[in-house]
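The values are calculated or read from the model by the stated rules, or taken from the named source; none is laboratory data. What you see is a predicted model; the values in this text were computed from it and never measured. Glycine also receives a Cβ, built like all others from the backbone with ideal geometry; neighbour counts cover every protein chain displayed. Calculation scope for accessible area: heavy atoms of the full protein, side chains included, ligands and nucleic acids excluded. Shrake-Rupley method; radii C 1.70, N 1.55, O 1.52, S 1.80 Å.
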Number of protein chains: 2
Amino acid sequence: MAGRKIRNMEEFAEVSGISRPTVSKYFHDPGSVRKSTRARIEEALERYEYRPNIFAMNQNRRLTKNIGIVVPYLADPFFAEIARNLERRCIDAGFFPLLFSSHGEQAQENAILDSLRLLKPAGVLLAALGRPSDHDHIKRFCADVPTVLFDSYLDATGAAFVGSDHAQVLRLMVDYLCRSGQPPVYFEMRNPVNPNANRRRAGYVAAMESLGQTPEIVRVDGQGWNFEQIGFDGGGALIERGGFATDTVLCNNDRLAIGLIAAAYAKGVKVGRGPECTLRIAGMDDHPFSQFTCPPMTTIAQDYAAIADRSVETLFNVIENGALTEPRAETLFEGRLVMRDSA
Amino acid sequence: MAGRKIRNMEEFAEVSGISRPTVSKYFHDPGSVRKSTRARIEEALERYEYRPNIFAMNQNRRLTKNIGIVVPYLADPFFAEIARNLERRCIDAGFFPLLFSSHGEQAQENAILDSLRLLKPAGVLLAALGRPSDHDHIKRFCADVPTVLFDSYLDATGAAFVGSDHAQVLRLMVDYLCRSGQPPVYFEMRNPVNPNANRRRAGYVAAMESLGQTPEIVRVDGQGWNFEQIGFDGGGALIERGGFATDTVLCNNDRLAIGLIAAAYAKGVKVGRGPECTLRIAGMDDHPFSQFTCPPMTTIAQDYAAIADRSVETLFNVIENGALTEPRAETLFEGRLVMRDSA
DNA sequence: TTATAAAAGTTACGCGCGTAAAGTTTTTAT
DNA sequence: ATAAAAACTTTACGCGCGTAACTTTTATAA
């Protein structure tokens, strides 16, 4: 750690006594150079603390080490948690993750994809906005860059899809709720920005019908990603107007459920399974905060780590071998019922 | 929107009938070229949809348009929300934000700073890990890159600091709690990773003493950033062992309070100000979910938007004029008491 | 119309690195 | 020891763009 400052690979090659192309090779793959050469480079590396400029590297490389990660809304803890898992796995695999949030806006999503293209990423992990997305734009992007879609389903786009099996998830939850009490009413936003809303609703309807129950859907107004607030406001109004068709509510996602549970508390409605309770509320996602609602929320856990693992793994596969299967590979993870006290 | 694909500025210059250097000038500042030239370029721009490669631009530019944003832990909604605000403001100002999370690890923070240096960012907005940070590493970085620190205070590092006035915040909260009931016990983690823990504790002690009260601090064990869990576990154990010295608890931050409120609920302890309540719990930060706890949390709001605004504004100032003031500028925002029902 | 300034074009080099080709040295195998 | 293979060095060019120096064209003024 000393001496002159190293400004580029040329200078570093000089002080290490190795030619620049060989040094370049070393950084591309340390195992590709002779042991004695590696030793000399690594010794110099300790003395001079040089690191190649990753953005200059990417200029000529066919395969860069950049991985783009795009989520629709990063302030949503679900995506924050997924992103955290994805980043870690990319780093562990020697890649350089770059994280972007579309902030719920199509223009932003498109802009991110455009910028990402310039970064020449080895691959991209994309959770699209869903309905608000510019599908053509995304498709064009996927044609140029190896892309694995996750969480948010877009038809026939990208090299692979990793998400959750909403049909199974809803069946699981609806089964449980019907078995343990009154059939659930489904609670969602009227204009859902959440990318999976439609599939979940369909899953609910199918599950109810297969049990011989009539589906009952309640929709509340609200714009944007402030789900808790929307659940709180809409739920509160509904409770005041006499409550739901049954004593059981299944929310489209945990954040909506968090709002609804808070609304019930505010209105003095006891939530839970106990004898003195008059409302059961269930969510979906096993949001990081759902275990801290009062009462703790019964929900369906998505295996964040597994989704992240499989997404990254699939992407690396696509990067190395190209999109193998003609109809793109789709991995759907099953959910796990997390029994807590709210339903 | 048609014709051949434009691969670089050279090709675009060709189809627009303008020389490449002039085109380059146009992209640097559209107003710097003749009106007729600008018209021709913009016309070609519509026909061919070309955008310069931002990462190649940055290679030679003195001042790039990249802004690095670094937060200690992005899965924490507080930082997610701040990051969202910062990103938006950078985009609006024509910059290109790049977001990184240190994931609570020093090695990660250092690696991010190293990579960021290569991006030749115009400036960096850094919320450091705090205690776990490699202060020397950060200082060296700040010497090379215009950096505004925010939220997490590091002594004499960076060109400016924007954060909150913990002394004022604690005074406000302690005053309120003492005035409205028993004096608060302070609840925190034994080994806080949260960067502001020390200043907050000091603020608590000072505020209590100025009111003639004896500070009482309770510390719970726990590692990492899973604050709710730590608050839940530690708080639950404390409640079982007989509770706190007074009936009022002030938590180091909202997330800890969320856990503690959940623990109280689980143990059947009524939280709030009402006559039947036996525990008051207050937090700090006005975390996005704090209004949905049961009961809704009384806390101190930090003005996310103002902090983000000022941070970005300060950074732009530093970028344009260099670090003006010798002792770096420090902006401390006051908090606002958010009276809800938990205390 | 002519002088003059401003803008645009031309040419050339540089950023930090990838990478291919050709020649040289070292290692491994025979 | 000798041949073959492997690893290295040298040389040179390219990525997409910034930018400086110089020449030519265009706009403005007198």
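Miscellaneous remarks
- Between B:P327, B:P215, B:P195, the GNM of chain B built on Cα springs shorter than 10 angstrom shows B:P327 fluctuating the most.
- For a paramagnetic label modelled on B:V338 (point 7 Å from Cα along Cα→Cβ), amide N atoms under 11 Å away belong, within the range B:221-265, to B:254-255.
- Eligible aspartates and glutamates near A:K270 by straight Cα distance, threshold 17 Å, same-chain separation 8 or greater: A:E240, A:D247, A:D341, B:E276
- The listed residues B:E188, B:E105, once ranked by accessible area (1.4 Å probe) with the largest placed first, stand as B:E105, B:E188.
- Estimated distance in nm for a label pair at B:V15 and A:E42, the labels positioned 7 Å out from Cα along Cα-to-Cβ: 5.0
- Long-range amide H partners of A:F150 with built H, under 5 Å: A:L126, A:A127, A:A128, A:V162
- For the range A:166-301: relative contact order, % (alpha-carbon pairs under 8 angstrom, 6 or more apart): 23
- Between A:Q223 and A:A202, residue separation times 0.36 nm minus the direct Cα-Cα distance comes to 5.4 nm.
- Of A:I230, A:I54, A:I307, the one that fluctuates the most in a GNM where chain A has Cα springs shorter than 10 Å: A:I54
- When A:Y48, A:Y186, B:Y265 are compared by accessible surface with a 1.4 Å probe, the order from highest to lowest is B:Y265, A:Y48, A:Y186.
- When each of A:K5/A:K35; B:K65/B:K120; A:K65/A:K120 is checked by Cα-Cα distance, pairs over 19 Å: A:K5/A:K35
- Neighbourhood net charge (12 Å Cβ-Cβ; Lys/Arg +1, Asp/Glu -1) for B:W225: -2
- Where chain B is carried onto chain A by rotation, the Cβ closest to that axis, with its residue and distance in Å, is B:C294, 2.
- Sparsely packed GluC sites (Glu not before Pro) within the range B:237-343, loop by DSSP, other Cβ within 10 Å at most 16: B:E276, B:E334
- Only protein atoms count toward the accessible area here, which uses a 1.4 Å probe; on the range B:16-106, the carbon and sulfur part of that area reaches 46 percent.
- Taking the C-alpha atoms only, the angle from helix A:197-210 to the longest principal axis of chain A is near 50 degrees.
- Placing a label point 7 Å from Cα along the Cα-to-Cβ axis, A:D303 is separated from the same position in the other copies by 4.8 nm, shortest listed first.
- Taking a ≥ b ≥ c as the square roots of the eigenvalues of the alpha-carbon gyration tensor, the protein assembly as shown is classed oblate because a/c is 1.5 or more while a/b is no larger than b/c.
- Eligible aspartates and glutamates near B:K25 by straight Cα distance, threshold 17 Å, same-chain separation 8 or greater: B:E10, B:E11, B:E14, B:E42, B:E43
- Solvent-accessible area of B:D165 with every protein chain in place, 1.4 Å probe, in Å² to the nearest 10: 30
- With Cα atoms, 0 to 90° folded angle of helix A:254-266 axis to chain A main axis: 40
- Degrees separating the helix A:304-321 axis from the principal Cα axis of chain A, which is the longest one: 40
- Global geometry of the range B:166-301, whether rounded, prolate or oblate, following the gyration tensor of its Cα atoms and the 1.5 cut on a/c: rounded
- Relative contact order of chain B, defined on C-alpha pairs under 8 angstrom at six or more residues apart (%): 15
- Charge dipole of the protein assembly as shown (Cα centre as origin; +1 on each Lys and Arg Cβ, -1 on each Asp and Glu Cβ, all else neutral): 1500 debye, rounded to the nearest 20.
- Residue among B:N226, B:F333, B:G259 farthest towards the positive dipole end of chain B, charges placed on Cβ: B:F333
- Across the identical copies, the label point of B:A206 (7 Å from Cα in the Cβ direction) is separated from its matches by 6.1 nm, in order from shortest.
- Figure note: B:Y73, B:Y204 ranked by solvent-accessible area, largest first, 1.4 Å probe, ligands and nucleic acids not counted: B:Y73, B:Y204.
- The shape of chain A comes out prolate: with a ≥ b ≥ c from the C-alpha gyration tensor, a/c is at least 1.5 and a/b beats b/c.
- For chain B, the cysteines with no partner cysteine C-beta closer than 4.7 Å are B:C90, B:C142, B:C178, B:C251, B:C277.
- Top of A:I258, A:I41, A:I239 by mean-square fluctuation, Gaussian network on chain A, Cα under 10 Å: A:I41
- Label 7 Å beyond Cα on the Cβ vector: A:D136 copy-to-copy distances, nm: 5.8
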